[in-house]
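No lab work stands behind these numbers, since they all come straight from the coordinates. For clarity, every value in this text was computed on a predicted model and none was experimentally measured. Quick reminder, even Gly has a Cβ in these numbers, built from the backbone with ideal geometry, and neighbours come from all protein chains shown.
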Amino acid sequence: MPLFAGAFVGLAQIVEGVDPEKTKTTSHSWRALRVFLYGAIMLSLLGAFLSLIIIKMCSDLPIARYQRGLKKKSQAIADPALDIESKSLPQERSSIEPLSREEILLDAGISPSYFFVDTTSAWVLIFACLFGFISLAFWVAVSADSRVTAGFTLTIFILCGMIFIVTVRIAGRAQGWV
């Protein structure tokens, strides 16, 4: 995502380098381009930060599991009636149904707030791509010399956007994201 942000910063410099005195560059479409372009930059940077938080949360799983084991041992020392062995192992499941992704991560010791961070990161990624896609489409539309070129290019962008949406939906359902 930082690479996306860097690429969009380069595009922003190109857009800002356009002569603002020209009536063509002060239209509402150029202003909308700037809004989506800066939105794509900020969302890409936010996505990079959220990705680092997710990596940190996942890398702390062994420590969280160890701390949970120490906490159970100290509770058992304080109250000898507790059975340490049965409390330190994951609970046996009587049914054959598989564990969900959330159950596996919670059993491994991840914080319940991880799922909020994970979902937020996924939505930020989607919106960063969407804003970047829209800003590129605006840039092509407002900077093309002929309407035929702009129309043809925007048609390709729309087809790519539809492929993106279908792919996200398929992956989301297959992985259980939605």
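Each peptide in 46-57, 165-176 gets a packing score, the mean of other Cβ atoms within 10 Å over its residues, and the list from highest to lowest is 46-57, 165-176. Between Met162 and Ile104, the simple label model (points 7 Å from Cα in the Cβ direction) yields a spacing of 3.5 nm. On the basis of the beta-carbon distance and an R0 of 22 Å, Met42 and Phe116 show a calculated FRET efficiency of 0.65. The gain in end-to-end length when the His28 to Ile14 segment is fully stretched comes to 3.3 nm, 0.36 nm per residue minus the alpha carbon separation.
Maximal additional length on extending the Ser143-Ala171 stretch stands at 6.6 nm, based on 0.36 nm per residue less the C-alpha distance.
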